[in-house]
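Data first, discussion second: the structure below is written as structure tokens.
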Amino acid sequence: MFEIIQIFYMFGVFFLFCVAPLNIFKVNTDNLYFNLVINLNLLLFFSILPLQISKYAIYILIVLFFLGIRNYYSFKGKINIDKYRIALIILIFFIISVQVASELELGWDAKWFWHIKSLYYTQNNTFSDLSNYVYNDFHPHLGSFLWAFFRSFSINGHEYTGRLFYIFYYIISIHFISNNIFKDKVQNTILFIFLIVLTQKYIYFSGLQEILIFTTLIFISKFTLIFISKKKLIYLFLITLCMNLLIWFKAEGIAYAMICFLVINLSMKLKITFRIIFNLLFVSFILFKSLIYNFFQIKINDQPYYLEYLLNLDLETIIYKFYNILIYLSYNNLKNIILFLVPIIIVLNYKKIFKEEYLRLIFIFFTLNIIFIFSAYMFREMEVVFALKTTIDRIVFSSSGFYLVFLIIHAKKYLKI
Amino acid sequence: MKKIIFQNKKMISFFILFIFTIMLFLKTNFLKNLMNILQFNESERIQKIYGYCGGESIGYLKYLKKKYKINTNPKILNYEHFAPVNWSIYETSEKNNNENQFIILNYPGKEINIELNYYKDNFYELLDSYYYSTLFESIKNIKIKNFMESNVRVELYIKNKSNELIMQKKLQILKDSVTHEYPINHKFIEFKMSEKRFFLKFNNIKKNTKVFVTLKNKYDLANYKIIDKFKNCYFVE
């Protein structure tokens, strides 16, 4: 029974990261989502400091709590919090959390390194100590840090409590893209639960980091859509913050961040000042990571990808690799459905590609995404079928987050709901 | 009329919402999982999932850590192929494995027999060969079902990352008249196995004949002091 209560308690802890610094009680309830992205970036900053989690975690929570209270009392107008919506988020969070708490099993890579990296933080080490771990250079640390950070609030210290944050982050992102599609609240709720049913699987919360990439891409996609209609700098800023999270979640994150960077630069109509700010911000985030890695002597992306390897391959092997990637990618796109529907919708709307900014953006993202998936396996010095069998479903899943908003908009149009 | 249509629409919406909610409950096995949490505590659930001594044997590892207050990272050898299990008792303050102590899980004895997987054109694959090469010293014997010849020609291949089968060795092996097996005594260390696939080609056997290999264990328990034992899981030094 205690574990059940603890799930609700953990939700309360996670939710505090949505209530401040921006005021969520104002008319613009999107502040809830903005806060989460901002706070994750702040946590990234804390994760690098030479401080043990136990020294600051509780203070962060207290500060957020009081900022939330201040926000509540400082707003004089009608409080714009939809209790029904919050209750729904809690319900969905509870359902998925019960599954995670019961099934408990970690994914292969989570056992291999993600969990061990989180143990470094749990056992009172800091970022610099991670260098002692032999597989540290494979992937960045942010996902593991969040696992350990939120686990530190757990009353019984159970490992899975840290992973519950991944559920929270995912649910909030799905809610973000489904909360104002229809005028009718019930229809929005149907869409919300439908998307959860469509995309939720236990394996995504088994300590693997793809769910974090998937979720962050959902945020980027939605912020981009809002930016296209409102053209406000804040959304571009939030996109860059999300891109910053991507590069710290997983090695592939840098590829997705670069794709976002190219897509926004190539396909969006931006004011020159906006373009300069966006580019400067992104470059400074990349530089920041390089500096940190340089300082702590961590190799950036120590993965088995070599251009030399590709140049040494004979034509027969290249064709063999290409053929297998094509087969496995097509099969997994069909299974994932999201990546299967995207090219169909693009083809159906091909005449509008040069007119509609969002469609053009999705088209370029999709093209670059497919190029990335192909090159990831072509350049990888590994037996290709084995690599495809063990990883492609996760690569397809993580990138599919970017297209969800696009699919919702077009589904609404085609189904005339 | 308009009101009735509106009410019907509303009813349909609630019905769809209800269906999706039920789908989510079913997809996540909600009731079963809820009962599982209420009936068993976390360590019991871990034991149910990972096994005590069997499979990943996390139950036994946690027991050892608690009983012997293990604050190092002893080398863990699991004779059932799973992801590494050291995460369950990992000590981040210890940089390296404690080479003096071993935890041996699912110990199969000094030797094991494994059936080779038929690949194509008389090629047979030793699946998970890299994993086996970390725990076993050599391929000791080959057993070929319904094969009466007094000798067999065997070629050993490794598949490289470009998907080419590269021959490493060619052997002519005489049958042992007592055991009716073909002693090969081929050491894994002779090849750089890494993550490559390992094949044996038999030139004079019928297609789809069943072939087994006997692997000789690297670790003989007789050479170690047993600190703790449960079934075929051991803590030794």
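Once the convex hull of all Cα atoms in chain B is built, its volume per residue stands at 256 Å³.
Sorting A:L262, A:L16 on the 10 Å Cβ count, fewest up front, what's the list?
Ascending Cβ contact count within 10 Å gives the list A:L262, A:L16.
Listed values for segment A:53-64 are Karplus-derived 3J(HN,Hα) couplings in whole Hz (6.51 cos²θ - 1.76 cosθ + 1.60, θ = phi - 60°), namely 3, 4, 7, 10, 4, 5, 5, 4, 5, 5, 4, 5, and x replaces Gly and Pro. For the protein assembly as shown, the residue among A:F46, B:L31, B:T209 whose Cα projects farthest onto the positive side of the dipole built from Cβ charges is B:L31. Between the beta carbons of A:L42 and B:L31, assuming R0 = 41 Å, the FRET efficiency works out to 0.60 to the nearest 0.05. Take the alpha-carbon centre of segment B:89-142, take the same for segment A:183-201, and report the distance between them in whole Å. Comparing the Cα centres of segment B:89-142 and segment A:183-201, I get a distance of 47 Å.
When cysteine pairs in the protein assembly as shown are screened for C-beta atoms closer than 4.7 angstrom, the residues that find no partner are A:C18, A:C242, A:C260.
Out of every Cα-Cα pair that segment B:189-237 contains, those further apart than 12 angstrom amount to 79 percent. Of the trypsin sites (Lys or Arg not before Pro) in segment A:67-172, which ones lie in a loop per DSSP and count no more than 14 other C-beta atoms within 10 Å? Answer in residue order: A:K76, A:K78.
For the protein assembly as shown, report the % of Cα-Cα distances exceeding 31 Å. So the portion of pairs separated by more than 31 Å is 60 percent.
Treating each Cα of segment A:111-196 as an identical point scatterer and summing with the Debye formula, the log10 of I(q)/I(0) at q = 0.16, 0.20 Å⁻¹ comes to -0.69, -0.84. Along its three principal directions, the equivalent ellipsoid of segment A:56-185 from the Cα gyration tensor extends over semi-axes of 32, 20, 14 Å, largest first.
Extent of segment B:1-81 along its three principal axes (Cα atoms, max minus min coordinate, largest first): 77, 27, 20 Å. Only helical runs count toward this figure. For chain A, summing -39,500 (n - 2.57) over DSSP H runs of n ≥ 4 and dividing by all residues gives -24000 deg cm²/dmol at 222 nm.
The residues neighbouring A:F34, those whose beta-carbon lies less than 15 Å from its own, together hold a net charge of +3 under the Lys/Arg +1, Asp/Glu -1 convention.
For trypsin sites (Lys or Arg not before Pro), the sites in segment A:247-282 that DSSP calls loop and that have at most 15 other Cβ atoms within 10 Å are A:K269, A:K271.
For B:C53, B:C233, the sequence from fewest to most other C-beta atoms within 10 Å is B:C53, B:C233.
When shorter helices are ignored and each DSSP H run of at least 4 residues is given -39500 (n - 2.57), the per-residue value for chain B at 222 nm works out to -8000 deg cm²/dmol.
Over chain B, with a Gaussian network built from C-alpha contacts below 10 Å, which listed residue (B:K67, B:K143, B:K201) shows the highest mean-square fluctuation? Checking each option, the largest mean-square fluctuation is seen for B:K67.
Could you give the DSSP H helices of chain B that reach 20 angstrom or more along their long axis (alpha carbon positions) and whose average Kyte-Doolittle hydropathy is no lower than -1.0?
Counting only whole DSSP H runs, the qualifying helices are B:2-27.
Residues in segment B:211-221 carry Karplus couplings, in order, of 10, 10, 10, 9, 9, 8, 5, 6, 10, 10, 4 Hz; the curve used is 6.51 cos²θ - 1.76 cosθ + 1.60 with θ = phi - 60°, and Gly or Pro positions show x.
Segment A:127-176 and segment B:198-223 have Cα centres spaced 43 Å apart.
For A:K389 and A:K413, the difference between the fully extended length at 0.36 nm per residue and the C-alpha to C-alpha distance is 5.0 nm. Here the ratio of the Cα radius of gyration of segment A:140-291 to 2.2 N^0.38 Å is 1.14.
In this Cβ point-charge picture (+1 for Lys and Arg, -1 for Asp and Glu), segment A:77-149 has a dipole of about 420 debye about its Cα centre.
Pairs from the table (A:K222/A:K289; A:K250/B:K196; B:K175/B:K216; A:K250/B:K65; A:K183/A:K335; A:K185/A:K355) lying more than 28 angstrom apart at Cα are A:K250/B:K65; A:K183/A:K335; A:K185/A:K355. One Cα centroid belongs to segment B:34-57, the other to segment A:318-356; the line between them spans 41 Å. Rounded to 0.05, the FRET efficiency of the B:K145 and A:K299 pair, given R0 = 41 Å and the Cβ-Cβ distance, is 0.25.
The ratio of the alpha-carbon radius of gyration of segment B:141-187 to the globular-protein estimate 2.2 N^0.38 Å is 1.36. For segment B:39-112, the fraction of alpha-carbon pairs lying more than 18 Å apart is 40 percent, rounded to a whole number.
If R0 is 25 Å, the Cβ-Cβ spacing of A:W108 and B:N117 corresponds to a FRET efficiency of close to 0.70.
Every read-out reported here was derived from the displayed coordinates using simple, explicitly stated rules and does not represent laboratory data. Keep in mind that this is a model prediction, so the values were computed, not measured. Positions of Cβ are generated from backbone atoms using ideal geometry, with glycine treated the same way; all protein chains shown enter the neighbour counts.
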